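First the structure, in the form of structure tokens, and then the observations on it.
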Amino acid sequence: MEYRLDRNVHSLLDPRTKLLLLFTSSVFVVGNAGEKWMYVFYWILVYLPVLLLLAEKEWKAAAVAVAIYVGSFYAQMALQHDPTAWESALALMLYIITKILPTVILARYIVKTTKVSEFLAAMNRMHVTDKLTIPISVIFRFFPTVAEESRAINDAMRMRGIEMGAKKATEAVEYRMVPLIASCSIIGEELSAAAMTRGLDVGKKRSCIWKIRFRFPDLIIIVLCLTCFVWWGIGRFFI
Amino acid sequence: MKNDGRLNAKDLINVGIYTAICAVICCVVAMTGVIPIMMVLLVVFVPILTGIPYMMFLTKVRKFGMILILNVLMGALMWVTGMSYYALIVGTVSGLIAEFIYRAGSYRSKWCGIIAYAVSGIYCWANYFGIFFNAEAYFSTRQNFGQEYIDAVTGMLPVWMCPVLLAVDLICGVIGGWIGTKVLKKHFEKAGIA
Amino acid sequence: MICFDNVSFQYTKDQESLKGISLTIGEGDVVLVCGPSGCGKSTLIRCVNGLIPHFYEGNLTGSVTVNGTDVSQTTLRKISRHVGTVFQNPRSQFFNVDTTSELAFGCENFGLDPDEIEQRIDRVVNRHGLAPLMDRSIFRLSGGEKQKIACASIAVEPLDVIILDEPSANLDYQGICELQKMIGAWKEEHKTILIAEHRISYLFPYISRALLMNSGEIVKEYSADEFRALSEDELHGLGLRADHMQDSAEVIPDNGERRDTDEKLILSDMKFSYRGEEPVFDIPRMEIPAGEIVGIVGANGAGKSTFLRCLCGMERSCKATLKAGDEIRKNKKRRQSIYMVMQDVNHQLFTDSVLEEVMISQEKEDKEEALKILESLDLAEYADKHPLALSGGQKQRVAVASAVASGRDIILFDEPTSGLDYYHMMQVSEILKDLRKTGRTVIIVTHDVELIRNACTCVIPFK
């Protein structure tokens with residue numbers, strides 16, 4: 001069968017919308033702006049990332065996320081009455097998890113569903129400089145590499161039987177960090193060489209094969225985010 | 001390669017790579033930050049541990065802007081992963097100052113590098129601003145931990161601790177940077193990759 | 001057209017260099033640059049794609065012109081509109097995370113019209129049958145698949161010159177066949193092609209001439225016919241690999257080594273699957289002759305490397321038992337008694353000197369003993385050097401030295417000769433034989449036909 005490139009392939013949301021949502025989520029969920037006044041929006045923003053996971057058909061990830069969230073939420077509620085020092089420490093841990101988890105899931109969703117090429121083009125349309133967008137796209141590209149490398153190094157240490165044998169804590173850190181940085185530095189050098197021989201440069205106009213535009217789901221999310229800020233403003237300055 | 005002072009793709013890719021490494025290390029350390037005492041110790045461990053990749057990063061810096069971009073990105077990542085936006089603001093300013101310090105050493109001087117690292121790393125300290133400047137609001141949403149816990153944390157962090165933590169952060173930054181240069185010398189320079 | 005006019009280059013850090021190269025390559029020529037490792041072939045091609053002087057620092061004299069433009073006077077971006085490069089390491093040459101965007105990357109950087117890019121991608125994908133690889137994450141591709149994508153992404157761009165830097169280093173027989181087809185297609189399109197390589201037989205049908213380099217100079221130039229007429233021994237004498245295109249699964253070792261015992265290692269109940277996926281392999285029982293050099297052969301992606309990881313107990317989820325004589329080794333025991341030399345040796349060297357590296361492997365640190373081991377592997381003079389400062393082959397020997405020091409009786413090698421020239425391949429082969437002489441069992445996963453022939457005493461096909 002003949003292959004035809006489908007340039008309309010896209011995830012549910014436009015990269016710009018995703019970033020707006022991430023921004024909103026870090027202000028209202030992690031930053032807790034508006035507190036009780038934002039009650040309804042808070043819960044929408046907490047569960048929205050799960051809906052996005054469902055839209056990507058990541059049933060299992062969604063279920064696990066909800067389980068962790070609900071579990072730690074109720075556990076920390078239960079621990080709050082007359083806690084001992086340890087219990088309150090545990091409660092704080094769980095509380096921080098409930099704060100951070102939704103945004104982390106959102107961030108993971110964005111990294112997984114946004115193509116580097118798409119991201120560069122969308123940022124370019126918002127006139128964000130290459131000096132930020134190129135490093136950011138490299139970060140996305142590089143997290144899995146760092147994970148891959150450190151796993152290999154860890155395996156090697158286990159195989160050689162020196163993970164416990166390291167005499168001092170400093171050696172344990174040194175043995176992990178040195179090969180990791182050496183290896184990442186070499187990969188980075190080769191990556192730059194390859195990218196530059198393919199014409200990547202700063203401040204030059206690029207095209208993008210993916211069709212980037214706002215669609216209906218974007219509209220809903222953008223309205224939601226703007227409403228959050230407006231409602232917060234009303235609460236803050238008028239009431 | 002010609003050095004015309006303009007950042008090219010290679011420089012920006014290097015910034016991305018070292019930001020990723022530093023972020024992974026921060027992330028691993030911050031996981032322990034959910035234990036209350038560790039939260040205070042973040043200003044100790046993060047500057048000491050990220051010193052090694054950061055010093056390696058500085059060997060790649062020969063132009064104005066790379067340190068600043070790394071700091072802005074670290075600040076933004078901290079914000080998104082639930083620290084506070086103070087990290088972004090402080091990180092931007094401290095990154096700029098670090099740029100000037102490292103440039104003053106013509107992008108080569110070892111001690112300028114160490115000090116630039118210590119200064120740029122104070123975004124870590126900025127994460128506590130929420131507790132210092134806005135303690136009431138900070139804990140109003142955390143009431144369910146019981147007064148005892150709040151007292152414990154605020155007891156550990158009275159306002160006068162703010163400059164103390166800054167000092168600790170800077171000192172640990174210098175130590176981390178110094179260790180970084182040692183490791184650089186012991187390993188990467190000896191191996192010929194720095 | 002590519003012109004070298006008395007070009008010399010010296011890296012600031014590296015040893016390799018070029019000395020007074022003058023050369024003209026006409027349009028549509030397919031030129032092979034060959035020679036032993038470190039002869040300067042990579043440096044030569046870097047002068048054409050502009051990485052020298054725009055990326056690697058060093059001292060360049062003389063001039064290189066591509067299509068009449070002086071490479072050093074223009075920018076890397078402008079050069080890259082005409083010259084494309086496929087690199088050796090498939091892990092580090094992708095900027096994107098998904099394959100489709102990677103194909104478009106070069107064209108996008110030049111701001112080509114998206115409709116035109118779409119047509120170009122469609123053409124390349126259909127021509128080379130790449131449809132199954134589209135829209136995948138590059139972190140989920142095998143080495144061979146990655147190299148295919150790297151070639152295809154160059155093919156999508158409208159270039160006149162294509163450069164390949166040891167493209168076959170990580171490929172198996174199947175992968176090389178695909179690479180060969182790709183090069184054939186480019187030749188038909190009348191592209192100028194420059195290939196640095198020491199595995200050469202797959203290029204025979206296409207080359208128009210071959211340049212032999214040694215220590216930074218072109219020592220001999222062959223016409224295609226002269227080059228094809230070289231005998232196997234002559235090629236070996238030049239440090240080149242002479243493996244005629246052959247599937248490693250069909251190779252029979254012919255080094256005259258004889259087995260003298262009948263002891264066996266019996267591996268049983270080895271099954272492995274990644275979480276929630278189909279099992280990679282399921283081995284109810286496998287007999288591995290003890291004290292031999294055993295080659296495990298099979299196509300890329302059959303799970304050979306994973307098999308080694310399971311064998312040395314690195315994969316916790318894989319429970320298997322290995323019976324050596326009367327002794328039964330479960331995961332933990334195997335981890336302590338089997339040493340694996342990884343394909344990327346960089347991951348398993350930790351300390352700041354070669355001697356230290358050997359000593360941390362010893363049960364009780366014994367400097368005398370460690371030095372003796374280094375001596376036996378020709379590493380004595382490097383005892384104080386940093387392991388990462390050594391060449392690939394030397395690093396591998398350091399890993400072997402630490403394996404010997406650890407006193408383990410089974411040593412595994414994962415693709416120990418990928419990217420090595422003939423001389424270094426033979427060196428590895430000698431080391432394997434020496435290890436066998438000490439009574440150890442050596443197990444290698446490889447698709448290197450010449451290594452199997454030279455070193456292995458038996459072969460186990462892996463499916």
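The values are calculated or read from the model by the stated rules, or taken from the named source; none is laboratory data. Keep in mind that this is a model prediction, so the values were computed, not measured. A quick note on method: Cβ atoms are made from the backbone with ideal geometry, for glycine too, and the neighbour counts reach across all protein chains shown. These area figures cover heavy atoms from the full protein model, side chains too; ligands, DNA and RNA do not enter into them. Shrake-Rupley method; radii C 1.70, N 1.55, O 1.52, S 1.80 Å.
Details
Residue-wise test of (1) small (Gly, Ala, Ser); (2) crowded, with 19+ Cβ neighbours inside 10 Å; (3) over 26 Å from the mean Cα position of the chain (by Cα).
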site: A:Ala169; (1), (2), (3): yes, no, yes
site: A:Leu180; (1), (2), (3): no, yes, no
site: A:Ser183; (1), (2), (3): yes, yes, no
site: A:Ile187; (1), (2), (3): no, yes, no
site: A:Ala194; (1), (2), (3): yes, yes, yes
site: A:Arg215; (1), (2), (3): no, no, no
site: A:Val223; (1), (2), (3): no, no, no
site: A:Gly233; (1), (2), (3): yes, no, yes
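- Residue match in the stretch C:56-73 (condition: within 7 Å of chain A (Cβ to nearest Cβ), open to solvent by 10 Å² or more (accessible area, probe 1.4 Å) and on the phi > 0 side of the Ramachandran plot): no
- The lone exception for A:Met159 - which of (1) more than 7 Å from every other protein chain (Cβ to nearest Cβ); (2) assigned to a helix (DSSP H, G or I); (3) open to solvent by less than 50 Å² (accessible area, probe 1.4 Å) it fails: (1)
- Residue in the stretch C:442-450 that is closer than 30 Å to C:Lys463 by Cβ and assigned to a helix (DSSP H, G or I) present: yes
- Of all the listed residues (C:Leu412, C:Leu355), the sole one being crowded, with 17+ Cβ neighbours inside 10 Å, under 18 Å from the mean Cα position of the chain (by Cα) and modelled with pLDDT of 90 or more is C:Leu412.
- So C:Ile460, is it of a type in the set (A, V, I, L, M, F, W, C), part of a strand (DSSP E or B) and open to solvent by less than 10 Å² (accessible area, probe 1.4 Å): no
- Within the stretch C:126-159, the set of residues being open to solvent by 10 Å² or more (accessible area, probe 1.4 Å), more than 11 Å from every other protein chain (Cβ to nearest Cβ) and part of a helix (DSSP H, G or I) comprises C:Gly143, C:Gly144, C:Glu145, C:Lys146, C:Lys148, C:Ala155.
- A:Phe229 hydrophobic (A, V, I, L, M, F, W, C), farther than 25 Å from B:Ile13 by Cα, assigned to a loop (DSSP other than H, G, I, E, B) and in contact (Cβ under 8 Å) with a residue 40 or more places away in the chain: no
Residue by residue, here is whether (1) facing another protein chain (nearest Cβ under 7 Å); (2) part of a loop (DSSP other than H, G, I, E, B) holds:
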position: A:Asp155; (1), (2): yes, no
position: A:Ser183; (1), (2): yes, no
position: A:Glu190; (1), (2): yes, no
position: A:Leu200; (1), (2): yes, yes
position: A:Leu219; (1), (2): no, no
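- The residues of the stretch B:51-104 that are open to solvent by 30 Å² or more (accessible area, probe 1.4 Å), more than 13 Å from chain A (Cβ to nearest Cβ) and touching a Gly at 6+ places or on another chain (Cβ under 8 Å) amount to a single one, B:Ile89.
- With respect to the conditions (1) assigned to a loop (DSSP other than H, G, I, E, B); (2) open to solvent by 20 Å² or more (accessible area, probe 1.4 Å), C:Pro90 lacks only one, and its number is (2).
- Qualifying position, being among the aliphatic types (A, V, I, L, M) and part of a helix (DSSP H, G or I), among A:Ala75, A:Ala33: A:Ala75
Every residue, every condition in (1) more than 30 Å from A:Arg7 (Cβ to Cβ); (2) surrounded by fewer than 20 Cβ atoms within 10 Å (Cβ to Cβ); (3) modelled with pLDDT of 85 or more; (4) assigned by TED's automatic domain parsing to the domain that holds A:Ile222, yes or no:
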site	(1), (2), (3), (4)
A:Trp59	no, yes, yes, yes
A:Val66	yes, yes, yes, yes
A:Gly71	yes, yes, yes, yes
A:Tyr74	yes, yes, yes, yes
A:Thr84	yes, yes, no, yes
A:Ile96	yes, yes, no, yes
A:Tyr109	no, no, yes, yes
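- One residue from C:Ile162, C:Ile183 being of a type outside the set (Ser, Thr, Tyr), open to solvent by less than 10 Å² (accessible area, probe 1.4 Å) and part of a helix (DSSP H, G or I): C:Ile183
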